[in-house]
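What follows is one structure encoded as structure tokens, with my remarks underneath.
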Amino acid sequence: MQIINDNLLDKERKEKLKELIEEIIQIKDIEECIQDIKGIKIIEENILHKDISASIKDGYIIIPINKIGNIIENSEEIDLIKSNIIHEIYHMKLKRILPKIHKKHKEAYNNEDFITSFTIVIYIEYLTHLESSKYETEKMIDQYLKSINDYNWDFSDDTSKIYLVKHAGYIIARAEDERVKNKNYILNLKNEILRKEIKKIQDILDNIKIEDNYNQLLPIENIVRKYITNE
Ligand SMILES: [Zn+2]
């Protein structure tokens, strides 16, 4: 796989990145999607969200240069880059399996239909994370779940409402990872509203199939509707 802008990296980092790509290419499950990737692009300006180390854009895996800075010294950084890339590739795979739902998401997003768009986000992030969280370290998952439980939830506030629907898919998939020690993580969430709603969404997700049919997401839409408006 070609690395664009690799002149920005020293020899050691270039090697490390190549090693990482070799590992990812070995994953049988995503072989066909890897063929669609045009290459890796090192970017100088960080356009990604602060918790994200790598993403896929226009067929290229993009990694901001500042995220590569300490991959030699800090193994957590390389783990994060790896799991982010794998997560994005699983998104590509899911897009092939559920083309209609992805198309609907794009349309809803463009039309500012936030209720439909967030409903789909919950479903696709849940399915994607079920696959990709295997490549996250135990520590990453624990830290994420702890940060959710410790967050200052206040459902009179819009931020908490958006945060709930935005994170529901990630929370449930990670809580279901077999390495999580607290098997009752969701039932033990401190905030009552969060606990109740996440549990409801989990029960719905556990009972729906991987099927390219938005109608089966309507029970999730009913929950999203309580927290998000299209106005
Ligand atoms: Zn995702």
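The values are calculated or read from the model by the stated rules, or taken from the named source; none is laboratory data. Everything quoted here is computed from the prediction, not taken from an experiment. Cβ atoms come from the backbone with ideal geometry, glycine included; neighbour counts cover every protein chain shown.
Scanning segment 138-157 for residues that are crowded, with 19+ Cβ neighbours inside 10 Å and not β-branched (Val, Ile, Thr), which turns out farthest from the ligand (Cβ to nearest atom)?
That would be TRP153.
Look at segment 37-60 and say how many of its residues are surrounded by fewer than 12 Cβ atoms within 10 Å (Cβ to Cβ) and not aliphatic (A, V, I, L, M). Even if it seems obvious, please write down each step before you answer.
As a first pass, look at segment 37-60 and keep what is surrounded by fewer than 12 Cβ atoms within 10 Å (Cβ to Cβ): 44-45, 47, 49-51, 58-59.
Keeping just the survivors that are not aliphatic (A, V, I, L, M) gives 44-45, 49-51, 58-59.
Number satisfying all stated conditions: 7.
Which residue out of TYR135, TYR90 is closer than 24 Å to TYR185 by Cα, of a type in the set (Ser, Thr, Tyr) and within 16 Å of the ligand (Cβ to nearest atom)?
Values: TYR90 fails: closer than 24 Å to TYR185 by Cα.
None of the other options fit; the residue is TYR135.
Looking at segment 66-80, can you tell me whether even one residue there is surrounded by fewer than 20 Cβ atoms within 10 Å (Cβ to Cβ) and touching a Phe, Trp or Tyr at 6+ places or on another chain (Cβ under 9 Å)?
Looking for residues that are surrounded by fewer than 20 Cβ atoms within 10 Å (Cβ to Cβ) and touching a Phe, Trp or Tyr at 6+ places or on another chain (Cβ under 9 Å), one finds at least one in segment 66-80, hence yes.
Take the residues of segment 108-122 that are within 30 Å of ILE24 (Cβ to Cβ) and surrounded by 23 or more Cβ atoms within 10 Å (Cβ to Cβ): which is farthest from the ligand (Cβ to nearest atom)?
PHE118
Away from the ligand (no atom under 16 Å from the Cβ), outside the structural domain of ASP177 (by TED's automatic domain parsing) and at pLDDT 85 or above: is that true of ILE81 in this structure?
Values: away from the ligand (no atom under 16 Å from the Cβ): no; outside the structural domain of ASP177 (by TED's automatic domain parsing): yes; at pLDDT 85 or above: yes.
Considered against the rule, which asks whether it is away from the ligand (no atom under 16 Å from the Cβ), outside the structural domain of ASP177 (by TED's automatic domain parsing) and at pLDDT 85 or above, ILE81 comes out as no.
Just to be sure before I move on: is LYS103 within 16 Å of the ligand (Cβ to nearest atom) and surrounded by fewer than 20 Cβ atoms within 10 Å (Cβ to Cβ) in the structure I sent? Please lay out each step first, then the result.
Values: within 16 Å of the ligand (Cβ to nearest atom): no; surrounded by fewer than 20 Cβ atoms within 10 Å (Cβ to Cβ): yes.
In short, no.
If GLU125 meets every condition in (1) within 13 Å of the ligand (Cβ to nearest atom); (2) modelled with pLDDT under 95 apart from one, which number is that one?
So the condition that GLU125 fails would be (2).
From LEU217, LEU189, which residue is under 23 Å from PRO99 (Cβ atoms) and in contact with a helix residue (DSSP H, G or I) (Cβ under 6 Å, 6 or more places away or on another chain)?
Working: LEU189 fails: under 23 Å from PRO99 (Cβ atoms).
Only one candidate passes the filter, namely LEU217.
Which one of these does ILE97 not meet: (1) in contact with a strand residue (DSSP E or B) (Cβ under 8 Å, 6 or more places away or on another chain); (2) under 30 Å from ASP212 (Cα atoms); (3) surrounded by fewer than 19 Cβ atoms within 10 Å (Cβ to Cβ)?
Condition not satisfied by ILE97: (1).
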